[in-house]
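Each remark here refers to the structure printed beneath this line.
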Amino acid sequence: MLQLHTLDRYKDDQGNEIVYDGEVRHENIDIRFKGSNNTLVIDARADIKDLVVNFTGNNGRVEIAPTSEKRVGLRFQMRCGHESLIRIGENVGCAGRTFISAVEGVSVTLGTDVMLSRNIEIRADDSHPIYDVRTEKRLNPSRSIVVGDHVWIAKHAVLLGGATIGDGSVIGYRSIVTSSVPNNCVAVGSPARVVRRNIAWQRPVLAPRRPGEQYPRKGEKTEQYWNLTVDEDVVPASPVVRKKPGPARRLFRRLPAPVRRLARKLRSS
């Protein structure tokens, strides 16, 4: 296994390559090649703050797009397996290091303007296989993950194989996404479920704002992400409404316990 601690253009006789023409970086860089024909492509304008990339097989590919807007920087720990792909879109920001894993020929794709909080995991695989004992069939194959544009993923959230998130949506604190979330929604819980539709969010932080200040400020609204939710098949969970017991039921509850037991025995016979 080859390990590099410098982000610079590189190519070896195994076909492993780093395509990068930006400023050479030495701090918080850990790139490992275990295999052949793996490619790491990083735009010269990408704001790399902390990067760990571990290629564990052959023909893996990681792509990181530029940071052309003011963001908090890119902080990733990545695992890329055989014939797998990890693609990071333009103007993504990470408040803390995000873990991404794609192996067994699947992909993880993050769109443009995605906002990632701290301690997030995006796992297209489960790291270890699980089998049905009777059939020996594999139960947990790796599945690709797609995150759309302008998605906000909150602290400690986890995205598992097969998850897809539509443009403009928000994934809540400590939520676990296992399936599809449509555009412009808030999804929370484990597994995550849609609790609010037809929403939009903006990047400016609330901390310096004054009480009662009007939102959004002039020039803050990103019109292209203010859309109605399209997928009408995903609806918030309906609350369980328990029916009140009728008069006969209330009278039965007032009877002595021996009488209730005898009544149930006679009714079942």
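Here's the yes/no breakdown for (1) among the hydrophobic types (A, V, I, L, M, F, W, C); (2) assigned to a loop (DSSP other than H, G, I, E, B); (3) modelled with pLDDT of 95 or more:
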{"residue": "Leu159", "(1), (2), (3)": "yes, no, yes"}
{"residue": "Gly162", "(1), (2), (3)": "no, yes, yes"}
{"residue": "Asn183", "(1), (2), (3)": "no, yes, yes"}
{"residue": "Arg210", "(1), (2), (3)": "no, yes, no"}
{"residue": "Glu213", "(1), (2), (3)": "no, yes, no"}
{"residue": "Pro216", "(1), (2), (3)": "no, yes, no"}
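Just to verify a result, which residue in segment 31-64, among those that are within 18 Å of Ile122 (Cα to Cα) and assigned to a loop (DSSP other than H, G, I, E, B), is most open to solvent (accessible area, probe 1.4 Å)? Checked segment 31-64; the qualifying residue most open to solvent (accessible area, probe 1.4 Å) is Thr56. Of note, Arg193 satisfies the criterion of being open to solvent by 80 Å² or more (accessible area, probe 1.4 Å), part of a strand (DSSP E or B) and modelled with pLDDT of 95 or more.
Filtering Ser127, Ser144 for residues that are surrounded by fewer than 18 Cβ atoms within 10 Å (Cβ to Cβ) and touching a Leu at 6+ places or on another chain (Cβ under 9 Å) leaves a single hit, Ser144. Among the residues of segment 90-116, those identified as small (Gly, Ala, Ser) and surrounded by fewer than 19 Cβ atoms within 10 Å (Cβ to Cβ) are Ala95, Gly96, Gly105, Ser107.
Only one of the numbered conditions (1) over 25 Å from Thr67 (Cβ atoms); (2) over 11 Å from the mean Cα position of the chain (by Cα); (3) not charged (D, E, K, R) is not met by Thr112, and that is (1).
The values are calculated or read from the model by the stated rules, or taken from the named source; none is laboratory data. Model, not experiment: these values are computed from the prediction. Cβ: placed from backbone, ideal geometry, glycine included. Neighbour counts: every protein chain shown. Ligands, DNA and RNA are stripped out before the accessible areas are found, and what is left, the full protein with its side chains, is counted by its heavy atoms. Shrake-Rupley method; radii C 1.70, N 1.55, O 1.52, S 1.80 Å.
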